[in-house]
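Enquirer: First the structure, which I've put down as structure tokens, then a few questions once you've had a look.
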């Protein structure tokens, strides 16, 4: 289905709607167990040298109210990421990228 009829129901046909993840899953972007890479594009960011390019596993998803302050619901999730050396820290969605499965 293409064109205006497709967009009448949010751009998805019935099969796509039924197979679509929930809105909270879309907003959350990552789940516990996902392998992620930290991507901090600003070299002046104080965490750039420590975390940029490192990969780890999401070990916890924490919901907070940051999305209300920023106006972007994706900011309402903080992802705890554990790295290979058991070091861990928390990141917002914009600093993480999925690592392709091998």
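Enquirer: I'd like the full set of residues that are surrounded by 13 or more Cβ atoms within 10 Å (Cβ to Cβ), under 16 Å from residue 35 (Cβ atoms) and out of contact with any helix residue (DSSP H, G or I) (no Cβ under 7 Å at 6 or more places or on another chain), limited to segment 90-102. Don't jump to the end; show me each part of the working.
Expert: First, the residues of segment 90-102 that are surrounded by 13 or more Cβ atoms within 10 Å (Cβ to Cβ): 91-97, 99.
Subset that is under 16 Å from residue 35 (Cβ atoms): 91, 93, 95-97, 99.
Of everything in segment 90-102, those that are surrounded by 13 or more Cβ atoms within 10 Å (Cβ to Cβ), under 16 Å from residue 35 (Cβ atoms) and out of contact with any helix residue (DSSP H, G or I) (no Cβ under 7 Å at 6 or more places or on another chain) turn out to be 91, 95, 96, 97, 99.
Enquirer: Does segment 33-49 contain at least one residue that is part of a helix (DSSP H, G or I) and either buried (at least 16 other Cβ atoms within 10 Å of the Cβ) or at pLDDT below 90 (or both)? Can you show your working first?
Expert: Taking segment 33-49 first, the residues part of a helix (DSSP H, G or I) are 48-49.
Now restrict to residues that are either buried (at least 16 other Cβ atoms within 10 Å of the Cβ) or at pLDDT below 90 (or both): none.
The answer is no; no qualifying residue exists.
Enquirer: How about segment 51-102: which of its residues are at positive phi and modelled with pLDDT of 95 or more?
Expert: So the first thing to find is which residues in segment 51-102 are at positive phi, and the list is 53, 71, 86.
Matches in segment 51-102: 53 only.
Enquirer: Separate question: I want to confirm something. Restricting to segment 53-81 and keeping residues that are touching a helix residue (DSSP H, G or I) at 6+ places or on another chain (Cβ under 9 Å) and assigned to a loop (DSSP other than H, G, I, E, B), which single residue is surrounded by the most Cβ atoms within 10 Å (Cβ to Cβ)?
Expert: Filtering first and then ranking leaves 72.
Enquirer: Take segment 78-94 and flag every residue that is closer than 20 Å to residue 45 by Cβ and either touching a residue at least 60 places away in the same chain (Cβ under 8 Å) or in contact with a strand residue (DSSP E or B) (Cβ under 6 Å, 6 or more places away or on another chain) (or both). Explain how you work it out, then say what you get.
Expert: Initially, segment 78-94 is screened for residues closer than 20 Å to residue 45 by Cβ, giving 78-81, 83, 87-94.
Of everything in segment 78-94, those that are closer than 20 Å to residue 45 by Cβ and either touching a residue at least 60 places away in the same chain (Cβ under 8 Å) or in contact with a strand residue (DSSP E or B) (Cβ under 6 Å, 6 or more places away or on another chain) (or both) turn out to be 78, 79, 80, 81, 83, 88, 90, 91, 93.
The values are calculated or read from the model by the stated rules, or taken from the named source; none is laboratory data. On a predicted model such as this, the values are computed, not experimentally measured, just so you know. Quick reminder, even Gly has a Cβ in these numbers, built from the backbone with ideal geometry, and neighbours come from all protein chains shown.
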